[in-house]
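These notes are about the structure you will find just below.
The values are calculated or read from the model by the stated rules, or taken from the named source; none is laboratory data. Since this is a predicted model, take the numbers as computed values, not measurements. No Cβ is skipped: glycine too gets one built from the backbone with ideal geometry, and neighbour counts run over all protein chains shown. For the accessible areas, the whole protein counts, side chains as well, though only heavy atoms, and no ligand, DNA or RNA atoms are used. Shrake-Rupley method; radii C 1.70, N 1.55, O 1.52, S 1.80 Å.
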Amino acid sequence: MRFQSTRGQAQELGFDDVLLAGLARDGGLYLPASWPERSIDDWRAMRGLSYAELATAVTQPFLAGSAIESQLSQVMEEAYSQFDHPAVAPMVQLDDNTWLLELFHGPTLAFKDYALQVVGHLFDRVLSAKKERITIVGATSGDTGSAAIAACAGREAVDIIILHPKGRVSEVQRRQMTTVDASNVHNVAIDGTFDDCQALVKAMFNDQTFRDDIHLSAVNSINWARIMAQTVYYASAALSLGGPDRPVAFAVPTGNFGNAFAGYCAARMGLPIASFLVGSNRNDILTRYFETGAMTIEGVEPSLSPAMDIQVSSNFERLLFEAYGRDGPAVKRLMDGLLQSGSYTVEEAARNAIAEQFKGSRLDDEGTKAVIQSTYEATGQLIDPHTAVGVHAAQSSDLDPAIPRVVMATAHPAKFPDAVEAATGLRPDLPAALANLYDLEERCDELPNDLDKVQDYVRAHSRV
Ligand SMILES: *Cc1c(COP(=O)(O)O)cnc(C)c1O
């Protein structure tokens, strides 16, 4: 399988190079050159597979020609062996036509584990096939850092350095990063904000010499392999609710649009999906786009669902590429406009194509608490604030009630205990595997918000 950049100027690459590159050299994001479509019979034949078997069956075509093509089923078995539920992504029914898809059974209790665990194993095997090493540098406001560290800890060919804003991540999130005892994991608390951390990472990627010297790589959701791995739970949920013979709708609490876009990929692969109900918190750039057709950057305000506090939904670029009929130069013009003026407007045909499948909604913090409370009262389920935004997206939609709605439960309630307690009076317990989180020793370095000092640190800790 070959992969193209959404901006049309980078050369096509195979899976292994796309995995290692993350972002394309022209600034675009990679997509498969064509969609491997499955027939209804193909999907039916996947009913009853284990999660790891399903993951292999769904993702196999993307690895055609990869050096590790034949190792895919081992990758999936290993990646999902550490999850704490035998179904990996079980469902719980909330009411007549609404289900929660629990995506918090991985090592760090958020849905990012479902992709990053796979990516960690893919890195290991691709790098050992190529006899190379890489250095991963990332910035985190919370969930991505811990999931990436859990995926890369102890991997021979990878060093991982995660920057977080000092004093600005929750204690659970910080401890999930700093208590990992592996010599290839390095946490750095930056004296600054999350935006400062992100700017440092960007600057390192823009320094070509530095980038090449240390084989710099990224694990954020621009990496195609993450999107690919996330298509699997769409299939698993749909198949267990009667798919592919009955269309299903998905409600997705959204930040960077990676999760929602993975659902679109599943649909392009032939899985019948009725609709994507996309929920934002007060940082509602996407909802405003759905209302107006214009994507316009505004400031970011902290909310109860911090993993969705984003300025731009970077994966929306992939959907634009498809909606514009794979016109790379047109996408590049939109993205240049965003950079220069903080805004772009989607042309009508593309906007209509997107509106057929995606509906936007928003929920502020007061609404989030109200949904956590009402869900608990109606069903006895405790849900986290991100999931609450998804539940609202499902409940507020005017979709045909005969269509089952699956809400992505993207984090375990115990990851955000304060919000859950404020809404319900109950403080959720951490699952047993993390019960000793507060007893473990923390390892973390501190650095000023200074590019030279951070680059020196990264060089010193990279084994490339
Ligand atoms: C990352 C994250 C999201 C947002 O997912 P995107 O793919 O960025 O849209 C939602 N909820 C939780 C808990 C997350 O960690």
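Summary of values
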| item | result |
| --- | --- |
| Filter result for Arg155 (in contact with a Gly (Cβ under 7 Å, 6 or more places away or on another chain), of a type outside the set (Phe, Trp, Tyr) and not in a helix (DSSP H, G or I)) | yes |
| When residues of segment 47-68 are limited to those that are in a helix (DSSP H, G or I) and open to solvent by 70 Å² or more (accessible area, probe 1.4 Å), the one nearest to Met228 (Cα to Cα) | Gln60 |
| Residue identified as closer than 20 Å to Ser314 by Cα and in contact (Cβ under 8 Å) with a residue 24 or more places away in the chain among Gln357, Gln395, Gln373, Gln381 | Gln357 |
| Condition check for Ala199: free of Cβ contacts under 8 Å to residues at least 24 places away in the same chain and farther than 21 Å from Val126 by Cα | yes |
| So Arg175, is it closer than 28 Å to Pro302 by Cα, of a type in the set (D, E, K, R) and either in a helix (DSSP H, G or I) or more than 16 Å from the ligand (Cβ to nearest atom) (or both) | yes |
| Tabulated pairs, segment 40-65, first at negative phi, second among the hydroxyl-bearing types (Ser, Thr, Tyr) and open to solvent by 30 Å² or more (accessible area, probe 1.4 Å), C-beta under 7 angstrom, 6+ apart or interchain | Thr56/Ser73 |
| Helices (runs of 4 or more DSSP H) enclosed by segment 269-349 - at least 1 residues per element that are within 16 Å of the ligand (Cβ to nearest atom) | 285-292, 316-323 |
| Count of segment 233-269 residues which are surrounded by 21 or more Cβ atoms within 10 Å (Cβ to Cβ) and on the phi > 0 side of the Ramachandran plot | 1 |
| Hits in segment 89-116 - residues which are under 19 Å from Thr379 (Cβ atoms) and in a strand (DSSP E or B) | Met91, Val92, Gln93, Leu94, Asp95, Thr98, Trp99, Leu100, Leu101, Glu102 |
| Residue match in segment 181-188 (condition: modelled with pLDDT of 95 or more, open to solvent by 20 Å² or more (accessible area, probe 1.4 Å) and more than 29 Å from Thr6 (Cα to Cα)) | yes |
